[in-house]
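Below: one structure, written as structure tokens.
The values are calculated or read from the model by the stated rules, or taken from the named source; none is laboratory data. Keep in mind the model is a prediction, meaning the values are calculated, not measured. Every residue, glycine as well, gets a Cβ built from its backbone with ideal geometry; the counts of neighbours run over all protein chains shown.
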Amino acid sequence: MNLNLRDKVVIVTGGAAGIGLATANLFIAEGARVVTWDVTSDPRVDVTSRESVEAAVAGVIQQHGRIDVLINNAGIVRDAQLVKAKDGAVVSTMDDATFDAVINVNLKGVFVCTRAVVPHMIKAGRGVILNASSIVGLYGNFGQTNYAATKAGVISFTKTWARELGKFGIRVNAVAPGFIATDMVKAMPQKVLDSMASKTPLGTIGEPEDIAATYAWLASDAAKFVHGAVISVDGGLVMGT
């Protein structure tokens, strides 16, 4: 299948590692012109900062003249129980800083980046926006009040923007990964990895390249009539099994 991604100008946020890096590499292999934004890359782009993002967008427009695809992949995890109790006594709670940090990157960051890019897509009369959700945005997850809320919010962003932007030729979709073998995940104890695999009907956890391939398909002309969708890439994961 010809994905027709050659010379497409693609921004990948959080592109320095994990799924973002795999995505950037795949699009490059398909001939796209890829720009990665990350707080650890050069130039540094902070997706939570309007000034940082707008300056980065201006740089892409100056260099390439347009933006064809925005992949809102940047995200962080800061896990804690809402209220942790033992023997009837409260041991700890999720503090404001932990909650706010995840909301700022995973939710506000998607908003800030998309708001900055969309005017250029409207001017061009076309574009693709792909948002990183998660299965926890669909089902929730123990100890992830903040993360699950952001990933559910990203789904709502996707549905809302699909309604607002389709008339401009801009397609908006989301991907909801399951357990994926990023470097962070692979560093977990083997018993945790085995538990993840056992919860997945296919009997294994996914690879970053599985998510990258889904992004590539959604960005391509092969998915030209896919709009407002949330694609689960999770090996058939059923929560709680």
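Below, the figures for the structure above:
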item	result
Single match in 20, 31, 15, 59 (criterion: part of a helix (DSSP H, G or I) and out of contact with any Gly (no Cβ under 6 Å at 6 or more places or on another chain))	59
Checking residue 52 against (1) closer than 26 Å to residue 214 by Cα; (2) surrounded by fewer than 21 Cβ atoms within 10 Å (Cβ to Cβ); (3) in contact with an Asp or Glu (Cβ under 8 Å, 6 or more places away or on another chain), the condition it does not meet	(1)
Check on residue 109, within 16 Å of residue 152 (Cβ to Cβ), outside any strand (DSSP E or B) and of a type in the set (Gly, Ala, Ser)	yes
Answer residue from region 34-56, given it is in a loop (DSSP other than H, G, I, E, B) and not polar (S, T, N, Q) and is nearest to residue 116 (Cα to Cα) among those	47
Those residues of region 105-134 which are of a type in the set (Gly, Ala, Ser) and either at pLDDT below 95 or within 21 Å of the chain's Cα centre (by Cα) (or both), in sequence order	109, 116, 127, 132, 133, 134
Breaking point among (1) exposed (fewer than 12 other Cβ atoms within 10 Å of the Cβ); (2) among the hydrophobic types (A, V, I, L, M, F, W, C); (3) free of Cβ contacts under 8 Å to residues at least 40 places away in the same chain, for residue 185	(1)
Residue among 223, 213 that alone is crowded, with 17+ Cβ neighbours inside 10 Å and over 21 Å from residue 141 (Cβ atoms)	223
Hits in region 92-119 - residues which are touching a strand residue (DSSP E or B) at 6+ places or on another chain (Cβ under 8 Å) and surrounded by fewer than 22 Cβ atoms within 10 Å (Cβ to Cβ)	92, 93, 94, 95, 98, 114, 118
Region 150-173 residues that are touching a residue at least 60 places away in the same chain (Cβ under 8 Å) and aliphatic (A, V, I, L, M), paired with ones that are assigned to a helix (DSSP H, G or I) and surrounded by fewer than 20 Cβ atoms within 10 Å (Cβ to Cβ) (beta carbon under 8 Å, 6 or more apart)	155/138
Qualifying residue in region 139-147 (condition: touching a residue at least 24 places away in the same chain (Cβ under 8 Å), within 18 Å of residue 179 (Cβ to Cβ) and assigned to a helix (DSSP H, G or I))	yes
Selection count, region 195-241, where residues are charged (D, E, K, R) and at pLDDT below 90	1
Whichever residue in region 143-182 is basic (Lys, Arg) and within 18 Å of residue 73 (Cα to Cα) and, among such residues, is surrounded by the most Cβ atoms within 10 Å (Cβ to Cβ)	151
Test: residue in region 91-104 that is over 22 Å from the mean Cα position of the chain (by Cα), over 21 Å from residue 149 (Cβ atoms) and either modelled with pLDDT of 95 or more or acidic (Asp, Glu) (or both)	yes
Complete set of residues in region 149-189 that are under 13 Å from the mean Cα position of the chain (by Cα) and either in a helix (DSSP H, G or I) or at positive phi (or both)	150, 151, 152, 153, 154, 155, 157, 158
